[in-house]
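Take a look at the structure set out below.
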Amino acid sequence: MIFFLVSVLILAVAFDVTQGRIPNKITFSGMVIGFLGNVGTLHIDRIESSVFGFCIAGVFAYILYICKIGGGDQKLLLAIGSMVGMPHIIHIILAISIAGGLQGLLWVLWAYIQQKDSHVSLMSLSKTTSLPYAISIFAGTVFFLIKNNFVL
């Protein structure tokens, strides 16, 4: 399952960076793989974990929706939740949040350095530039997997 999770994340990052969006084929495939992979074990605990992981990821995805984060990022979180289940999704969401904060900070510092050479304000940069959040989702998830010795 971890192989599929990392594969979905790599594809999501590639599309988000190059095209500014994450296709539904990637996110929905991740959700289906997550649910079927856990149902296929025939262990009720794994099935419940997958459903609860999906639901918890859905709550965080709704928060992202309120914050105007893209729909592909939200569906990617749902796919991760269905694959890793509970309680792992909670730790992954925390790691993603930290990675997102660091990514945003680096983006602001980069924009500030670029601003010194021109008369462009940071506010105008934020309106014209999008931040591919799939990078933070990838970084937070992989950090969690490595830290907890999941086999990649």
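Rg/Rh for region 2-147 stands at 1.04; both radii use Cα atoms, and Rh follows the Kirkwood definition. Using the alpha carbons alone, the radius of gyration of region 14-74 stands to its Kirkwood radius in an Rg to Rh ratio of 1.06. What FRET efficiency would be calculated for the residue pair Thr41, Tyr62, taking the C-beta separation as r and a Förster radius of 25 Å, to the nearest 0.05? Given R0 = 25 Å and the Cβ-Cβ separation, E is 0.30.
Counted residue by residue at 0.36 nm each, then reduced by the alpha carbon distance between them, the extension gain from Trp110 to His91 reaches 4.0 nm.
So what's the back-of-envelope 222 nm ellipticity for the chain, counting only DSSP H runs of four-plus at -39500 (n - 2.57) apiece and dividing by all residues, rounded to 500? Provide the component values of the computation, followed by the final result.
Details: 7 runs with 121 residues, N = 152.
Taking each H run of at least 4 residues, the total per residue is -27000 deg cm²/dmol.
Just how many pairs of Lys in the chain have C-alpha atoms closer than 25 Å, counting pairs that are eight or more places apart or on different chains? The number of close lysine pairs in the chain is 6. For the pair Ala14 and Cys55, label points projected 7 Å from Cα toward Cβ lie 3.5 nm apart. Net length available on complete extension from Ile98 to Phe4 is 31.5 nm, with 0.36 nm assigned per residue and the Cα-Cα distance removed.
We did not get these values from a lab; they are worked out from the coordinates using the rules stated. What you see is a predicted model; the values in this text were computed from it and never measured. In this analysis, Cβ positions are derived from the backbone assuming ideal geometry, glycine residues included, and neighbour counts consider all displayed protein chains.
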